[in-house]
Amino acid sequence: MLQFNYFREAGAFTRDQSTGTYTVNYEPMKAAINSLAALIITFQGDGNYDGVKALLAEKGVIIPELQRDLDRVNEKGIPKDIVFEQGLKVLGL
C-alpha cells in the first residue's frame, strides 16, 4: 500500500473515473520509483525507525477508492494473485 499511495501522489498513474481503469504515466513512474527507493535507502542507512513508522502510518492504508476497485475485481472473480507452477514435477518428469 505504501508504494501504491506514494506512486498515486507522485502522479505515476492515473485512474479513469468513468471506467475505474488505471494507466501508468511512465516518466512520473520512473521518478517516483527512484524517489521512493532513495527515501527507503536513506531511512535504512540512518536507522530512522520513527521515519519509517510515520511513512507507513501515512501511506500504508487502503484508500476507499482503491477498496471499491478491489471489490469490483473480487465480484468479477478475477484472480489477484498468479502462482507459477514450474519444475520437473509439473512437467511429469
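Every read-out reported here was derived from the displayed coordinates using simple, explicitly stated rules and does not represent laboratory data. All figures in this text were calculated on a predicted structure; none of them were measured in a lab. All Cβ positions, glycine included, derive from the backbone under ideal geometry; neighbour counts span all protein chains shown.
Under 6 Å by Cβ, and 6 or more places apart or on different chains, what pairs join a residue from the stretch 47-70 that is closer than 30 Å to GLN17 by Cα with one that is of a type in the set (Ser, Thr, Tyr)? Every condition considered, the pairs that remain are LYS59/TYR6. Put simply, of PHE84, PHE4 the only residue that is within 14 Å of the chain's Cα centre (by Cα) and of a type outside the set (Lys, Arg) is PHE4.
Total residues in the stretch 16-71 satisfying the condition of being under 17 Å from PHE4 (Cα atoms), more than 14 Å from the chain's Cα centre (by Cα) and small (Gly, Ala, Ser): the figure is 6.
Looking only at the stretch 69-87, which residues are charged (D, E, K, R), under 30 Å from LEU39 (Cα atoms) and either loosely packed, with under 11 Cβ neighbours inside 10 Å or in contact with a Leu (Cβ under 9 Å, 6 or more places away or on another chain) (or both)?
Of the stretch 69-87, the ones charged (D, E, K, R) are 69, 71-72, 75-76, 80-81, 85.
Now drop any that are not under 30 Å from LEU39 (Cα atoms), which leaves 69, 80-81.
Those that are charged (D, E, K, R), under 30 Å from LEU39 (Cα atoms) and either loosely packed, with under 11 Cβ neighbours inside 10 Å or in contact with a Leu (Cβ under 9 Å, 6 or more places away or on another chain) (or both): LYS80, ASP81.
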